[in-house]
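Colleague: Starting off with a structure, shown below.
The values are calculated or read from the model by the stated rules, or taken from the named source; none is laboratory data. Fair warning: this is a prediction, and the values are worked out from it, not measured in the lab. Don't worry about glycine lacking a Cβ; one is built from the backbone with ideal geometry, like all the others, and counts go over all protein chains shown. We work out accessible area using only protein heavy atoms, side chains counted, and drop any ligands, DNA or RNA first. Shrake-Rupley method; radii C 1.70, N 1.55, O 1.52, S 1.80 Å.
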Amino acid sequence: MFNLLPREDKFLKMLQDLEMASNRCSRLLKKLVEHRDDEAIVKEAAEEIYRHKREAKKIQETLTQEICRTLITPFDREDLQEFAVALYNIPKLVTKITDRLNTHHMYPYNGDFNKFVELIDRQAEAMSALIRELSGKLNSRTVNAKAAILHELEDQGDVVLGQLIASSFHDIEDVRELILRKDIYEMLEDVTDQYRDAANVAMQIILKHT
(Lines give C-alpha, C1' and ligand atoms only; values in the text may rest on other atoms or scores of the structure.)
Protein backbone atom coordinates (compact mmCIF):
# COMPACT_ATOMS: atom_id res chain seq x y z
CA MET A 1 0.00 0.00 0.00
CA PHE A 2 1.16 3.52 -0.76
CA ASN A 3 1.56 5.85 2.19
CA LEU A 4 -0.74 8.76 1.34
CA LEU A 5 0.74 11.34 3.68
CA PRO A 6 4.31 12.60 3.69
CA ARG A 7 6.39 11.64 6.68
CA GLU A 8 9.27 14.07 6.72
CA ASP A 9 10.69 12.50 9.84
CA LYS A 10 11.08 9.16 8.06
CA PHE A 11 13.12 10.46 5.13
CA LEU A 12 15.07 13.03 7.12
CA LYS A 13 15.91 10.41 9.74
CA MET A 14 17.26 8.11 7.04
CA LEU A 15 19.34 10.94 5.56
CA GLN A 16 20.66 11.76 9.03
CA ASP A 17 21.55 8.11 9.65
CA LEU A 18 23.21 7.86 6.25
CA GLU A 19 25.20 11.02 6.89
CA MET A 20 26.33 9.69 10.26
CA ALA A 21 27.51 6.37 8.78
CA SER A 22 29.30 8.17 5.93
CA ASN A 23 30.99 10.67 8.19
CA ARG A 24 32.12 7.97 10.60
CA CYS A 25 33.87 6.29 7.69
CA SER A 26 35.57 9.57 6.80
CA ARG A 27 36.78 10.12 10.35
CA LEU A 28 37.92 6.52 10.69
CA LEU A 29 39.93 6.94 7.48
CA LYS A 30 41.72 9.86 9.13
CA LYS A 31 42.45 7.64 12.13
CA LEU A 32 43.70 4.84 9.89
CA VAL A 33 46.05 7.16 8.01
CA GLU A 34 47.40 8.89 11.12
CA HIS A 35 48.16 5.60 12.89
CA ARG A 36 49.63 3.53 10.05
CA ASP A 37 52.40 2.29 12.34
CA ASP A 38 49.98 0.83 14.90
CA GLU A 39 48.68 -2.46 13.52
CA ALA A 40 45.95 -2.83 16.16
CA ILE A 41 44.51 0.64 15.53
CA VAL A 42 44.64 0.16 11.76
CA LYS A 43 42.84 -3.18 12.00
CA GLU A 44 40.15 -1.80 14.31
CA ALA A 45 39.61 1.29 12.14
CA ALA A 46 39.34 -0.84 8.98
CA GLU A 47 36.78 -3.17 10.57
CA GLU A 48 34.71 -0.18 11.69
CA ILE A 49 34.89 1.34 8.21
CA TYR A 50 33.56 -1.88 6.67
CA ARG A 51 30.79 -2.05 9.27
CA HIS A 52 29.63 1.51 8.69
CA LYS A 53 29.79 1.00 4.93
CA ARG A 54 27.42 -1.98 5.25
CA GLU A 55 25.16 0.13 7.44
CA ALA A 56 25.17 2.96 4.90
CA LYS A 57 24.31 0.57 2.08
CA LYS A 58 21.35 -0.80 4.01
CA ILE A 59 20.05 2.71 4.78
CA GLN A 60 20.45 3.81 1.16
CA GLU A 61 18.56 0.75 -0.09
CA THR A 62 15.78 1.28 2.45
CA LEU A 63 15.44 4.93 1.47
CA THR A 64 15.13 3.95 -2.19
CA GLN A 65 12.41 1.43 -1.34
CA GLU A 66 10.51 3.98 0.76
CA ILE A 67 10.66 6.55 -2.05
CA CYS A 68 8.96 4.01 -4.32
CA ARG A 69 6.32 3.12 -1.73
CA THR A 70 5.42 6.66 -0.64
CA LEU A 71 3.02 8.67 -2.77
CA ILE A 72 3.97 12.09 -1.40
CA THR A 73 7.52 12.87 -0.27
CA PRO A 74 8.73 15.96 1.63
CA PHE A 75 11.29 16.77 -1.09
CA ASP A 76 11.40 15.76 -4.75
CA ARG A 77 12.10 12.06 -5.20
CA GLU A 78 15.08 12.63 -7.45
CA ASP A 79 16.62 14.99 -4.88
CA LEU A 80 16.21 12.49 -2.06
CA GLN A 81 17.68 9.74 -4.23
CA GLU A 82 20.57 11.88 -5.48
CA PHE A 83 21.39 13.02 -1.96
CA ALA A 84 21.39 9.42 -0.70
CA VAL A 85 23.61 8.22 -3.55
CA ALA A 86 26.19 10.97 -2.96
CA LEU A 87 26.30 10.20 0.76
CA TYR A 88 26.56 6.45 0.19
CA ASN A 89 29.39 6.91 -2.33
CA ILE A 90 31.53 8.31 0.49
CA PRO A 91 31.83 5.04 2.50
CA LYS A 92 32.09 3.12 -0.77
CA LEU A 93 35.16 5.12 -1.71
CA VAL A 94 36.60 5.08 1.81
CA THR A 95 36.34 1.28 1.82
CA LYS A 96 38.23 1.07 -1.49
CA ILE A 97 40.91 3.42 -0.18
CA THR A 98 41.22 1.34 3.00
CA ASP A 99 41.61 -1.83 0.95
CA ARG A 100 44.28 -0.24 -1.23
CA LEU A 101 46.24 1.13 1.72
CA ASN A 102 46.21 -2.14 3.61
CA THR A 103 46.68 -4.52 0.68
CA HIS A 104 49.75 -2.69 -0.59
CA HIS A 105 51.03 -1.58 2.84
CA MET A 106 50.99 2.08 1.83
CA TYR A 107 52.19 4.72 4.29
CA PRO A 108 52.04 8.51 4.10
CA TYR A 109 54.92 10.05 2.17
CA ASN A 110 55.73 13.64 3.09
CA GLY A 111 52.26 13.91 4.62
CA ASP A 112 50.48 13.24 1.32
CA PHE A 113 47.51 11.20 2.56
CA ASN A 114 47.22 13.38 5.65
CA LYS A 115 46.55 16.46 3.54
CA PHE A 116 43.48 14.84 2.03
CA VAL A 117 42.07 13.22 5.18
CA GLU A 118 42.23 16.58 6.96
CA LEU A 119 40.10 18.13 4.21
CA ILE A 120 37.69 15.20 4.26
CA ASP A 121 37.36 15.40 8.05
CA ARG A 122 36.44 19.07 7.77
CA GLN A 123 33.91 18.22 5.06
CA ALA A 124 32.35 15.61 7.35
CA GLU A 125 31.91 18.28 10.02
CA ALA A 126 30.34 20.71 7.55
CA MET A 127 28.01 18.00 6.19
CA SER A 128 26.77 17.21 9.71
CA ALA A 129 25.89 20.88 10.17
CA LEU A 130 24.21 21.02 6.75
CA ILE A 131 22.01 18.00 7.51
CA ARG A 132 20.94 19.62 10.79
CA GLU A 133 19.92 22.71 8.85
CA LEU A 134 17.91 20.66 6.35
CA SER A 135 16.09 19.01 9.24
CA GLY A 136 15.06 22.40 10.57
CA LYS A 137 13.21 25.31 8.98
CA LEU A 138 15.12 25.31 5.66
CA ASN A 139 16.92 28.61 6.13
CA SER A 140 18.45 29.25 2.72
CA ARG A 141 21.21 31.49 4.06
CA THR A 142 22.57 28.99 6.56
CA VAL A 143 22.26 25.99 4.22
CA ASN A 144 24.04 27.85 1.45
CA ALA A 145 26.77 28.90 3.89
CA LYS A 146 27.42 25.28 4.85
CA ALA A 147 27.33 24.23 1.20
CA ALA A 148 29.87 26.95 0.38
CA ILE A 149 32.26 25.47 2.94
CA LEU A 150 31.95 22.05 1.30
CA HIS A 151 32.61 23.59 -2.12
CA GLU A 152 35.65 25.46 -0.86
CA LEU A 153 37.10 22.31 0.69
CA GLU A 154 36.50 20.41 -2.56
CA ASP A 155 38.33 23.17 -4.45
CA GLN A 156 41.23 22.76 -2.03
CA GLY A 157 41.14 19.03 -2.77
CA ASP A 158 41.61 19.75 -6.47
CA VAL A 159 44.68 21.85 -5.66
CA VAL A 160 46.12 19.21 -3.34
CA LEU A 161 45.59 16.53 -5.99
CA GLY A 162 47.52 18.51 -8.58
CA GLN A 163 50.34 19.27 -6.17
CA LEU A 164 50.69 15.67 -5.00
CA ILE A 165 50.71 14.22 -8.51
CA ALA A 166 53.31 16.72 -9.61
CA SER A 167 55.56 16.07 -6.61
CA SER A 168 55.15 12.29 -6.95
CA PHE A 169 56.38 12.31 -10.55
CA HIS A 170 59.33 14.36 -9.39
CA ASP A 171 60.23 12.46 -6.17
CA ILE A 172 59.15 8.83 -6.64
CA GLU A 173 61.17 6.65 -8.99
CA ASP A 174 59.41 3.32 -8.36
CA VAL A 175 56.73 3.07 -11.07
CA ARG A 176 54.51 0.70 -9.10
CA GLU A 177 54.43 2.99 -6.07
CA LEU A 178 53.86 6.00 -8.29
CA ILE A 179 50.80 4.37 -9.90
CA LEU A 180 49.40 3.22 -6.54
CA ARG A 181 49.79 6.63 -4.93
CA LYS A 182 48.24 8.44 -7.89
CA ASP A 183 45.28 6.04 -7.73
CA ILE A 184 44.80 6.66 -4.01
CA TYR A 185 45.11 10.44 -4.45
CA GLU A 186 42.38 10.38 -7.09
CA MET A 187 40.07 8.27 -4.90
CA LEU A 188 40.62 10.65 -1.99
CA GLU A 189 39.78 13.58 -4.25
CA ASP A 190 36.64 11.68 -5.35
CA VAL A 191 35.52 11.63 -1.71
CA THR A 192 35.68 15.44 -1.62
CA ASP A 193 33.67 15.47 -4.86
CA GLN A 194 30.89 13.39 -3.28
CA TYR A 195 30.59 15.80 -0.38
CA ARG A 196 30.35 18.65 -2.90
CA ASP A 197 27.68 16.75 -4.88
CA ALA A 198 25.62 16.23 -1.72
CA ALA A 199 25.92 19.95 -1.00
CA ASN A 200 24.65 20.72 -4.51
CA VAL A 201 21.54 18.63 -3.88
CA ALA A 202 20.96 20.49 -0.61
CA MET A 203 21.03 23.78 -2.52
CA GLN A 204 18.57 22.36 -5.09
CA ILE A 205 16.21 21.47 -2.26
CA ILE A 206 16.49 24.95 -0.79
CA LEU A 207 15.75 26.59 -4.16
CA LYS A 208 12.64 24.45 -4.61
CA HIS A 209 11.22 24.68 -1.10
CA THR A 210 11.90 28.20 0.16
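Colleague: Number of Lys pairs in the range 70-161 with C-alpha atoms less than 22 angstrom apart, excluding same-chain neighbours closer than eight positions? Mind dumping the intermediate values first?
Modeller: Working: LYS92/LYS115; LYS96/LYS115; LYS115/LYS146; LYS137/LYS146.
Here the count comes out as 4.
Colleague: Taking a cut-off of 15 Å between Cα atoms, list the aspartates and glutamates near LYS58, but don't count ones fewer than 8 places away on the same chain.
Modeller: The qualifying aspartates and glutamates are ASP17, GLU19, GLU66.
Colleague: Expressed as a whole percentage, what fraction of the accessible surface of the chain belongs to carbon and sulfur atoms when a 1.4 Å probe is rolled over the protein heavy atoms?
Modeller: Numbers: 5470 of 10600 Å².
Answer for the chain is 52 percent, counting heavy atoms of protein chains only.
Colleague: Please check which bits of the range 58-95 a label hung off LYS10 would reach, taking the label as a point 7 Å along Cα-to-C-beta and the cut-off as backbone N under 16 Å.
Modeller: Residues passing the 16 Å test: 59-78, 80-81.
Colleague: Another one. Sticking to Cα atoms, compute the Rg of the chain to one decimal and its Dmax as the biggest Cα-Cα distance, whole number, in Å.
Modeller: My reading of the Cα-based Rg and Dmax gives 18.2, 63 Å.
Colleague: Treating only the Cβ of Lys, Arg, Asp and Glu as charged (+1, +1, -1, -1), what charge dipole size does the range 75-120 show about its Cα centre? Round to the nearest 20 debye. Mind showing how you got there, number by number?
Modeller: Working: 5 positive and 7 negative charges, 59 e Å.
In total the dipole reaches around 280 debye.
Colleague: Once you keep just the Cα pairs under 8 angstrom separated by 6 or more residues, what percentage relative contact order results for the chain? Could you put the intermediate results ahead of the total?
Modeller: Working: 249 pairs, mean separation 58.1, N = 210.
The normalised contact order for the chain reaches 28 percent.
Colleague: Skip the ligands, DNA and RNA, and give the accessible area per residue of the chain with a 1.4 Å probe, whole Å². It would help to have the intermediate numbers written out before the result.
Modeller: Details: 10600 Å² over 210 residues.
Accessible area per residue, the chain: 50 Å².
Colleague: Further question: Report TYR107's accessible area, 1.4 Å probe, all protein chains in place, as a number in Å² to the nearest 10.
Modeller: Its accessible surface works out to 100 Å², give or take rounding.
Colleague: Pop out the ³J(HN,Hα) list for the range 121-127 in order, Karplus 6.51 cos²θ - 1.76 cosθ + 1.60 with θ = phi - 60°, rounded to Hz; leave Gly and Pro as x.
Modeller: Result, ordered by residue: 4, 5, 5, 4, 5, 5, 5 Hz.
Colleague: Cα atoms only, the range 78-154: Rg and Dmax in Å?
Modeller: 15.3, 47
Colleague: Once the Cα gyration tensor of the range 21-65 is diagonalised, what are the square roots of 5 times its eigenvalues, in whole Å and ordered largest first, as equivalent ellipsoid semi-axes? Each step should come with its number before you reach the end.
Modeller: On the way: eigenvalues 129, 16, 4 Å².
Sorted largest first and rounded, they come to 25, 9, 4 Å.
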